1. Sticking to Cα atoms, compute the Rg of the chain to one decimal and its Dmax as the biggest Cα-Cα distance, whole number, in Å.
2. Would you mind counting up the charge near residue 19? Only other residues with Cβ under 13 Å from its Cβ, with Lys and Arg at +1 and Asp and Glu at -1.
3. At what distance in nm do the modelled label points of residue 257 and residue 10 sit from each other, each positioned 7 Å from its Cα along Cα→Cβ?
4. Going by amide H atoms built from the backbone, whose H comes under 5 Å of the H on residue 288, apart from near neighbours?
5. Under a crude label model (7 Å from the Cα following the beta-carbon direction), how far is residue 62 from residue 399 in nanometres?
6. Treating only the Cβ atoms of Lys and Arg (+1) and Asp and Glu (-1) as charged, compute the dipole magnitude of the range 1-146 about its Cα centre; round to the nearest 20 debye.
7. So if the hydrodynamic radius of the range 159-295 is defined as the Kirkwood radius over C-alpha pairs, what does Stokes-Einstein give as its diffusion coefficient at 20 °C and 1.002 mPa s, in µm² per second?
8. Considering only Cα-Cα distances, which of the following residue pairs are longer than 28 Å: 30/298; 207/335; 223/379; 355/377?
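Each reported figure results from applying straightforward, stated rules to the coordinates on display, with no laboratory input. Only a predicted model underlies this, so the values are computations on that prediction, with no experimental measurement involved. Here the Cβ positions follow ideal geometry from the backbone for every residue, glycine too, while neighbour counts run over all protein chains shown.
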Amino acid sequence: MKTGTPVRINGTSVHFDEMTVQPGDTDFHKFSYMGEPRNLPQLPCWITYTNKQVHERLMASIADSPLFNGQIQSIGPRYCPSIETKLVTFADKDEHQLFLEPEGTNTNEYYLNGFSSSLPIDAQLEALRMIPAFRDLEVYRPGYAIEYNYFDPTQLKHSLESKLVDGLFMAGQVNGTTGYEEAAGQGIVAGINAAKKCGGSEPFTMKRDQSYIGVLIDDLVTKGVDEPYRMFTSRAEYRILLRQDDADARLTELSHNLGLASTERCNHWLKKKAAIEELENFCQNYSVKAAYINEGLKALGSTELQRGCKLIDLIARPGLTLDNLSNLIPALKEKIESISDRKEEIVEAAEIKMKYSGYITRERELADKMIRLENIKIKGKFDYNSLQSLSTEARQKLTRIDPETMAQASRIPGVSPSDINVLLVLMRR
């Protein structure tokens, strides 16, 4: 397979006043419970565009691109194409958007997202200098492309241990992925399981309704790859359950049980969990009188109440939030202000759970149905080639992949619902 990277730019040579600024987020979200807030400056990104002159210069050197002259014949990532691939694929486009991203607070180095390239450095430089903001451009390193070898990931168990070599765990691009996050996600699972293998413990795996790492690994070992794999939210069928606000709820205690998350971190989560539940319980039990709140609802553009209701019923309405309702209900404001730590996160998590409870419950039920199939172990139970009631494609793919569970078998491309029904009938026998 093939991957590439863009040119690294010296920011002192860029005319930022001729680009569009993209400010960073400055809200309350943080990555960790641990430590005091660090008031690092939030550096902006910048947007500019290629133009016809840039395209003409790049196309003039297309024969020197290893991607197009036969030097590199591998498959590149579909969603991160090189600039020359974009020019060939989208020949009707006169411009392509570029994002200039700072590499850090103590460097002038910038990353030009959208300009991955394997063209010679002189072609890259001359083309970029045809963009007004880059007319005096200096670079630290040109973009480049590499090829890498990978093993078919259907040869792996969900623990990322090889089915062929006992005790060999594999993670990263060698499994057919591309991207830092994909490699890191596999790396922690492979590392956990290598340690557990040495200690004689049962392997650790994550399910598709538990984490995006679980989706990624299941996709790799069940479906295999025919191009560099990247993790997208659209690949997860349970993405209402895999939210940003509930990552700690899904994974902190699991991590603590493995000996990874410290007791201090776990206690931070348990404190937050209790505060979320307390706020939810308050909203479920607090009664709101129509005469008391209708004037405020009208001001917020919401329908007036005909009779009293529980506070949680108001939160379910579009446009109503814990924040704006707290201005109408002193008891709610007092409850929110009593939260001593990570107030914004707790309010956000509680509100999401209440506002979208119907969708969350429905998806949880769907996931639980699939979990029942996860509990049906089929590895080693069938000689698939002898089961003539299965389709030919199903026999071939089930034999090659040898799935651990009925649920994994159901996700193999080419294995139909009727094939799964045949296996379920045979399992009952």
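1. 26.9, 76
2. Summing Lys and Arg as +1 and Asp and Glu as -1 gives -2.
3. 5.5 nm
4. Here 309, 310, 311 satisfy the definition.
5. Each label point is offset 7 Å from its Cα along the Cβ direction, giving 4.5 nm.
6. About 400 debye.
7. Rounded to a whole number, D works out at 122 µm²/s.
8. 30/298; 207/335; 355/377
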